[in-house]
Ligand code: ADP
C-alpha cells in the first residue's frame with residue numbers, strides 16, 4: 001500500500017469499541033424453516049424479550065428486505081442467491097456494530113445457508129431450524145400460500161414443489177407445534193444469552 005494512503009478503517013471505531021459501548025456482543029441469529037413454521041413470529045417475540053433484558057436487536061425479514069434493498073430481485077435461482085448474499089452482508093454490518101441481529105428467511109438449501117455463514121463468519125452465526133412439520137405449516141397457512149401452491153399457482157414453493165434441505169447440525173432446532181411463540185423465544189433467549197452477554 002502507498003505510504004500516504006491512510007486506510008479509514010484504522011480511524012473507525014472497532015467492533016470491540018461498539019460492543020463495549022453497548023455492553024453486549026453482536027450475533028446473527030439465522031432462522032431457517034418452511035413458510036409458516038414460525039420464524040418471524042418467534043423473531044418478534046425474541047426481540048421483545050431482548051429489549052426487555054436491555055439488549056439492542058434488529059430483525060431482518062422479507063418485508064423490510066424484499067420491499068427495500070432487494071426490491072429489484074425476482075425468484076430465479078440466481079436472484080434467490082443474491083437475495084441471501086445481500087441479507088448476509090447487511091447482517092454482518094449489524095453484527096459488527098454489536099447488535100443482536102435476527103434474520104428470518106426460508107433459506108431452504110444448505111448452499112444458501114453456507115453462503116450466509118461464510119459471509120457472517122461461523123463464530124457469529126447461530127443457526128435456528130424452526131422444524132415445524134409441513135402438515136402443521138399447511139394447516140396454519142398464514143398467508144394462503146400453501147393453498148395457492150397446491151393449485152399450482154406458485155412455482156418452486158418450498159415444501160410442495162421445491163425441496164427444503166434440513167440443516168444437519170443447527171445451533172438450535174425447535175418444533176413449534178403445540179407450543180407458544182413466547183416459550184420458543186424464551187428457550188432461544190436462554191441459549192444465546194451466554195454468547196451475547198458482555199463480560
Ligand atoms: P414464517 O415466518 O416461518 O413464515 P410466521 O411466523 O409468519 O412463519 O407464521 C407462523 C404462524 O404460526 C403464525 O400465525 C403464528 O401465530 C403461528 N404459531 C403458532 N404457534 C407458534 C409458535 N410456537 N411459534 C411461532 N409461531 C407459532
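Assorted remarks:
- Spatial separation of Cα centroids for the range 76-98 and the range 141-171, in angstrom: 21 Å
- Folded to 0 to 90 degrees: helix 181-196 orientation relative to the chain principal axis, Cα: 30 degrees
- Oblate is the label for the range 108-199, because the ratio a/c of its alpha-carbon gyration tensor axes (a ≥ b ≥ c) is 1.5 or higher and a/b is not greater than b/c.
- If R0 is taken as 22 Å, the Cβ-Cβ distance between residue 177 and residue 110 corresponds to a FRET efficiency of 0.35.
- The sum of -39500 (n - 2.57) across all DSSP H runs of n ≥ 4, divided by the residue count of the chain, sets its helix-only mean residue ellipticity at 222 nm to -12500 deg cm²/dmol.
- The overall shape of the chain, judged from the alpha-carbon gyration tensor, is oblate: a/c is not under 1.5, and a/b is no greater than b/c.
- Crossing angle, helix 77-95 versus the chain [Cα axis fit, 0-90 degrees, rounded to tens]: 40 degrees
- Shape category assigned to the range 7-101 from the gyration tensor of Cα positions, a/c cut at 1.5: oblate
- Within the chain, percent of DSSP bridges classed antiparallel, to nearest 5: 5 percent
- The calculated FRET efficiency for the pair residue 186 and residue 10, based on their C-beta separation and a Förster distance of 30 Å, comes to about 0.10.
No value in this document is a laboratory result; all are computed from the given coordinates. From a predicted model like this one, the values you see are computed outputs, not experimental measurements. Every residue, glycine as well, gets a Cβ built from its backbone with ideal geometry; the counts of neighbours run over all protein chains shown.
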